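*Asks:* Got a structure for you, questions after.
Readers should treat all values here as calculations from the given coordinates under stated rules, not as data from a laboratory. These numbers were taken from a predicted model, which means no experiment stands behind them. FYI the Cβ positions are ideal-geometry reconstructions off the backbone, even for glycines, and counts take in every protein chain you see.
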Amino acid sequence: MDLGPHAAFIWASYAVVAFVLALLIAWLVADGKQQEHRLEELEARGIRRRSARAPGPGGDAA
Amino acid sequence: MQTLTQRLANPTRFMELSRRILPWISGLAALTLAYGLYLTFFVAPPDYQQGETVRIMFIHVPAAWLAMMGYMIVAISSFGLLVFRHPLADVSAKAAAPLGAAFTLLALITGSLWGKPMWGAYWVWDARLTSVLILFFLYLGLIALRSALDEDPALAGKLTAVLGLVGVVVLPVIRFSVDWWNTLHQPASVLKVGGPAIHSSILIPLLVMAAGFTFLFFAMHLKAMRNEILRRRVRSLTMAEVERAARLEARTVE
């Protein structure tokens, strides 16, 4: 593909966009995994949100 | 009857709904961008004046549009927090700021790389470029302010919402800067009175790329909101645990 005398500017633009978007996506995925891991750790230690606790003998979820 | 925003006010319901939507919108973004890139490099002809460099427009213009849309999301979310106290408004505003900043940076960089071969300069202090640079600094200001008040998230949310609403005045300045002042930047070519001034062979790839970028933005925004909700759950559980431990310790001392 011949992009003419300014090909370097065109490829550089697309490379920067691809790099920044890849970085953003990687950050979002890694951040999500980190938060899920921290939440699982807390839950494993018995620390749960009220709505996430198992219902008691009387069926009370609180 | 509840409105959609009222139904989504429940973070648990939002997490469930967004979990189901996210793969679809991500897939849609990937497909649209792939088709847009095909049109960009294999279908769209070179411009009669700008030659092949017009291909930078297919990423520069969507990035610039999303830079402004990101700020609109910040502003609307800030309004939702300050006026309606919507539980997810602050989550949305916080999630949109870094995404908007990234797209603004992309608009600035790709514009600069387009400007050098066309104008002979990477940067000129004209109204459009300068107002977009101010938008970038506004995004950084929102992120920095929230980060500085990290110990008090409620206060951080309110103050950044005020800054977010005040900063919205930059959007019409960006939009109309090319009409109000003599700028090196070209005037609006797509969203203008009388219809687009671009031939359909270039307009269609541009609109497809813009749609792909928009789907990607919404996918990333949803993911960032989900992450923020999880972060807040972790924080509240950790604080509850610390308080419980402190109470137990106080009882032991007694």
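*Asks:* Please give the residues of the range B:117-150, grouped as numeric ranges, whose backbone N is less than 20 Å from a label point set 7 Å along the Cα-to-Cβ vector of A:Trp11.
*Replies:* Only B:117-118 pass the distance filter.
*Asks:* Shielding of A:12-22 by partners, i.e. mean partner chain Cβ atoms within 10 Å per residue?
*Replies:* Other-chain Cβ atoms within 10 Å of each residue's Cβ, averaged: 6.
*Asks:* Please state the relative contact order of chain B as a whole percent: Cα pairs under 8 Å, 6+ residues apart?
*Replies:* So the answer I get is 30 percent.
*Asks:* Throw me the Rg/Rh for the range B:4-79, computed over C-alpha atoms with Kirkwood Rh, two decimals.
*Replies:* That ratio is 1.15, to two decimals.
*Asks:* Quick one: P(r) of the range B:64-148 from all Cα-Cα pairs, 5 Å bins, percents rounded to integers, in order of increasing distance.
*Replies:* Distribution as computed: 3, 15, 22, 21, 15, 10, 7, 4, 2, 1 percent.
*Asks:* Further question: Kirkwood Rh over alpha-carbon pairs of the range B:169-240, then Stokes-Einstein at 10 °C and 1.306 mPa s: what D in µm² s⁻¹, rounded to an integer?
*Replies:* The calculation lands on 99 µm²/s.
*Asks:* Give the average over all directions of the projected area of the C-alpha convex hull of the range B:45-90, one decimal, in nm².
*Replies:* Numbers: hull surface 16.2 nm².
The Cα convex hull of the range B:45-90, projected and averaged over all directions, gives 4.1 nm².
*Asks:* When Rg is the radius of gyration of the Cα atoms in the range B:98-166 and Rh is its Kirkwood radius, what does Rg/Rh come to?
*Replies:* Value, to two decimals: 1.14.
*Asks:* Okay, next question. Taking neighbour Cβ counts within 10 Å as the exposure measure, how do B:Val170, B:Val253, A:Val17 sort from fewest upward?
*Replies:* Details: B:Val170 18, B:Val253 6, A:Val17 22.
Least crowded to most crowded, the residues run B:Val253, B:Val170, A:Val17.
*Asks:* Give me Rg/Rg_expected for the range B:111-249, where Rg uses Cα atoms only and Rg_expected = 2.2 N^0.38 Å with N residues.
*Replies:* Here the answer is 1.52, to two decimals.
*Asks:* Now, a different point. Please state the relative contact order of the range B:132-254 as a whole percent: Cα pairs under 8 Å, 6+ residues apart?
*Replies:* This gives 11 percent for the range B:132-254.
*Asks:* Another question, if that's okay. How long is the gain from B:Val124 to B:His199 if the chain were fully straight, where each residue apart is worth 0.36 nm and the alpha carbon distance is subtracted?
*Replies:* On the way: separation 75, 0.36 × 75 = 27.00 nm, distance 2.78 nm.
Between B:Val124 and B:His199, full extension yields an extra 24.2 nm.
*Asks:* What is the order of B:Phe84, B:Phe217, fewest Cβ neighbours within 10 Å to most?
*Replies:* B:Phe84, B:Phe217
*Asks:* For B:Met225, B:Met72, B:Met118, what ranking results if the residue with the fewest other Cβ atoms within 10 Å of its Cβ goes first?
*Replies:* Working: B:Met225 22, B:Met72 13, B:Met118 17.
Placing the least packed residue first, the sequence is B:Met72, B:Met118, B:Met225.
*Asks:* So what are the three principal axis dimensions of the protein assembly as shown from its Cα atoms, in whole Å, longest to shortest?
*Replies:* Cα extents, longest axis first: 83, 41, 36 Å.
*Asks:* Along the three principal axes, how long is the range B:1-156 when you take its alpha carbons, biggest first, rounded to the nearest angstrom?
*Replies:* Ordered largest first, the range B:1-156 gives principal extents of 55, 36, 26 Å.
*Asks:* At A:Trp27 and B:Ala34, where each label point lies 7 Å from the Cα along Cα→Cβ, what is the point-to-point distance in nanometres?
*Replies:* Distance between label points: 2.7 nm.
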